Amino acid sequence: MDEAGSPPDPANAATAAEYVAALARLRRWSGLTYRQLAAKTGGALPPSTMAGVLGRTTLPREDFVVAFVTACGLDEAQIDRWVRARRNLAAGVAGESAPVARKPGPRADVPAGAAPEPAAETPAAEPSAPQEPRRTARAAARRWWPAFVAAAGVAAVLVTALTIPGGAGETSEGQASAGRAVSGPTSDGLRDGWYRMSPVHVIDRDLCIGEGRERSGRTDRPLAVQRPCADLTPDTYLKAVGAGVYEIQWHHPEHGVGCLTVDQAHVGDRTLLAPADCTEAAHQRFLLEPERAGRGYVLRPVHSGKCVGLLYGEADVHSGAELAQQTCSGRRDQIFRFEPADRPDWLETD
């Protein structure tokens, strides 16, 4: 964890995903919204570009890094540190290197991966990025994604029983919208795209999965709960990362992109689900298994093989009921329908 008042240290990033997560923390450290950062870059980095880059797990272009960290308020020495860390990761080198000499590169508003550099990791296809909302940002932004990803290394070890092809799931939002998936199970699985996610046992009550708080009041952090589908926040995007395996991304107009996460990679029952920075960890990935009766999908966290359902089971039909990892029971609270949703209104269309 970063010291209070200090920006994140990019040298601690051992992977491209950790480097991108550090950039996301730097943005929160700066206290600036995407729109404010875009203004500080003179428009070189549009909000949509920043949100898209920070929503992926591949190394951004060097010119993006320079423009972004400069807008976040870092000095020359700190900027060089971020550039060195990126170059080390691109070259597969750990640790510090000599100071770098930065030279003008391509335009900063060219998305990462458009013209890959040698040895840099690039996405298979360029996804359409979520964009900054038109409505006014809150005066004091809160940290939306709690830091519950410390156990990612443990989860990565546990995932060895399931092979996830790299690069899958980088299909574009445009491709997803061109062929809207049905809500019931299909032989090809669900396409990448925007969805509303509902437990089968409360579909007749018009409840969907969105952000809420712990009903006991024990904490005041965002959690995944069932709540009225009307005016649902945040917006849910499914991204395939392997055969039948998905990230369940939450897109927020001010706080960016996070992934639905099993708390601290626990493998026990009654473990709550909450949004966190996307790190490619196994406890942020879910096998969507078609339910045999065709009612929807069973969600199995990859790191545990258990099921996602309601904390208090099928009997809990109330708004605010928390999602949790549980032993698989086959009951309706552990079966989910995914209804295709429209692109969020807060996304710009330019």
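The values are calculated or read from the model by the stated rules, or taken from the named source; none is laboratory data. Just so it is clear, the model here is predicted, and its values are computed rather than measured. Reconstructed Cβ throughout: ideal geometry from the backbone, glycine too, with neighbour counts over all protein chains shown.
Contact map, the stretch 222-235: residues that are part of a loop (DSSP other than H, G, I, E, B) paired with residues that are buried (at least 17 other Cβ atoms within 10 Å of the Cβ) and small (Gly, Ala, Ser), Cβ distance under 7 Å, separation 6+ or inter-chain. Pairs shown: Pro222/Ala274; Leu232/Gly210; Thr233/Gly210; Pro234/Gly210. Considering only residues of the stretch 293-350 that are out of contact with any strand residue (DSSP E or B) (no Cβ under 7 Å at 6 or more places or on another chain) and of a type in the set (Phe, Trp, Tyr), which is nearest to Ala230 (Cα to Cα)? That would be Trp346. Candidates in the stretch 181-211 are the residues that are farther than 22 Å from Gly309 by Cα and loosely packed, with under 15 Cβ neighbours inside 10 Å; of these, the one that is modelled with the lowest pLDDT is Ser187.
Return only the number of the condition from (1) surrounded by 17 or more Cβ atoms within 10 Å (Cβ to Cβ); (2) in contact (Cβ under 8 Å) with a residue 40 or more places away in the chain that Val298 does not satisfy. Condition (2) is where Val298 drops out.
Meeting the requirement of 3 or more residues that are under 18 Å from Cys208 (Cβ atoms) and assigned by TED's automatic domain parsing to the domain that holds Arg213, the strands (runs of 3 or more DSSP E) wholly within the stretch 274-320 are 297-301, 307-310. Within the option set Val262, Val267, being farther than 14 Å from Gly55 by Cα, in contact with a Ser or Thr (Cβ under 6 Å, 6 or more places away or on another chain) and buried (at least 23 other Cβ atoms within 10 Å of the Cβ) holds for one residue only, Val262. Is it true that Ala324 is over 30 Å from Leu37 (Cα atoms), without any contact (Cβ under 8 Å) to a residue 40 or more places away in the chain and either surrounded by 19 or more Cβ atoms within 10 Å (Cβ to Cβ) or out of contact with any helix residue (DSSP H, G or I) (no Cβ under 8 Å at 6 or more places or on another chain) (or both)? For Ala324, the condition - over 30 Å from Leu37 (Cα atoms), without any contact (Cβ under 8 Å) to a residue 40 or more places away in the chain and either surrounded by 19 or more Cβ atoms within 10 Å (Cβ to Cβ) or out of contact with any helix residue (DSSP H, G or I) (no Cβ under 8 Å at 6 or more places or on another chain) (or both) - is not met. Inspect all residues belonging to the stretch 5-13 and state whether any of them is of a type in the set (Gly, Ala, Ser), modelled with pLDDT of 80 or more and assigned to a loop (DSSP other than H, G, I, E, B). Looking through the stretch 5-13, at least one residue is of a type in the set (Gly, Ala, Ser), modelled with pLDDT of 80 or more and assigned to a loop (DSSP other than H, G, I, E, B). Those residues that are of a type in the set (A, V, I, L, M) and at pLDDT below 95, I need them from the stretch 292-314; list them, please. Selection gives Ala293, Val302. Taken together, Thr279, Thr271, Thr236 contain a single residue that is within 20 Å of the chain's Cα centre (by Cα) and at pLDDT below 95, which is Thr279.
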